[in-house]
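The values are calculated or read from the model by the stated rules, or taken from the named source; none is laboratory data. From a predicted model like this one, the values you see are computed outputs, not experimental measurements. Surface accessibility is based on the protein's heavy atoms, side chains included, excluding ligands, DNA and RNA. Shrake-Rupley method; radii C 1.70, N 1.55, O 1.52, S 1.80 Å.
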Amino acid sequence: MGSTLLPRGTRVGDCLVVRFVAEGITSTVYEGRHATRGHAVALKVLRPDWCLDPDMMARFLNEARTLQQLDHPHLVRGLDRGQLPNGLPFMVLDWYPEDLERALLRQGGALPAEDSAQVLRQLADGLSLLHAQGLVHRDLKPANVLVAQRAPGAWKVVLADLGLAKRLPASPVGGLHVS
């Protein structure tokens, strides 16, 4: 399958790699730039060792497809998906340079009550859309909440990383069945 370490300038779909950002358990993340529009994007590439696992490959592809289909101001937007020449699947997402975990560290570990309530309302909005689609996130943590705007009284966050999300069967009365 080949390595996921992509050098600066590598073309991934309609985007160019700007820099390596992080290596997660299942994927490698890069900051990229749309080749013609010029805006920053996140490039998420499944690690080669996980491509051999059909369940993990299906999860990654499902996450990419789901993020492209959902449109909500508090969910990260999927812009594109595909395969690299070496066969590794990738997805292109909106770029947010900071997650809530790092933002909280910069704030001394906590937010004022008003800002906390604002962040929680936004996350509840995003989760509500997922639940209405029959999805449960299953990996809600500060590192999976991306910060679009950080200012006293004017925080904006988006929920990311649906890699562990699970589609639940509908119950006979139209709600979700949780097992």
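Can you list residues whose amide H is under 5 Å from ASP99's amide H, if they're 5+ apart or on another chain and H is modeled 1.01 Å from N? Under 5 Å from the amide H of ASP99: VAL147.
If you take the square roots of the eigenvalues of the alpha-carbon gyration tensor of segment 81-128 and sort them as a ≥ b ≥ c, do you get rounded (a/c under 1.5), prolate (a/b over b/c) or oblate? It would help to have the intermediate numbers written out before the result.
Working: a/c = 4.92, a/b = 2.14, b/c = 2.30.
Oblate is the answer for segment 81-128, as a/c is 1.5 or above yet b/c matches or exceeds a/b.
Annotation: HIS137 carries an accessible surface of approximately 0 Å², with a 1.4 Å probe and no ligand, DNA or RNA atoms counted. The 3J(HN,Hα) values that the Karplus relation (6.51, -1.76, 1.60; θ = phi - 60°) gives for segment 62-72 are, in residue order, 5, 4, 4, 5, 4, 5, 6, 7, 7, 9, 8 Hz. Gly and Pro appear as x. Translational diffusion of the chain, estimated by Stokes-Einstein from the Kirkwood radius over alpha carbon pairs at 37 °C in a medium of 0.692 mPa s, is 191 µm² per second. Each eigenvalue of the Cα gyration tensor of segment 101-152, multiplied by 5 and square-rooted, gives one semi-axis; in descending order these are 23, 12, 8 Å. Taking amide H as placed 1.01 Å from N in the peptide plane, VAL157 has its amide H under 5 Å from the amide H of ALA148, each at least 5 places away in sequence or on another chain.
CYS51 exposes around 20 Å² of accessible area when a 1.4 Å probe is run over every protein chain in place. Springs between Cα atoms under 10 Å define the GNM used for the chain, and in it the highest mean-square fluctuation of LEU111, LEU135, LEU127 occurs at LEU111.
Under a 5 Å amide H cut-off, with hydrogens placed 1.01 Å from N, VAL41 pairs with GLY32, ARG33, HIS34 among residues at least 5 apart or on other chains.
Please state the relative contact order of segment 26-151 as a whole percent: Cα pairs under 8 Å, 6+ residues apart? If you can, show how the numbers build up before the last one.
Numbers: 150 pairs, mean separation 27.3, N = 126.
Value for segment 26-151: 22 percent.
Dividing the summed helix terms, -39500 (n - 2.57) for each DSSP H run of n ≥ 4, by the number of residues in the chain produces a 222 nm estimate of -8000 deg cm²/dmol to the nearest 500.
Ordered from highest to lowest accessible area with the whole protein assembly present and a 1.4 Å probe, ASP49, ASP71 read as ASP71, ASP49.
Distance from the Cα centroid of segment 29-50 to that of segment 9-27 is 4 Å (rounded to whole angstrom).
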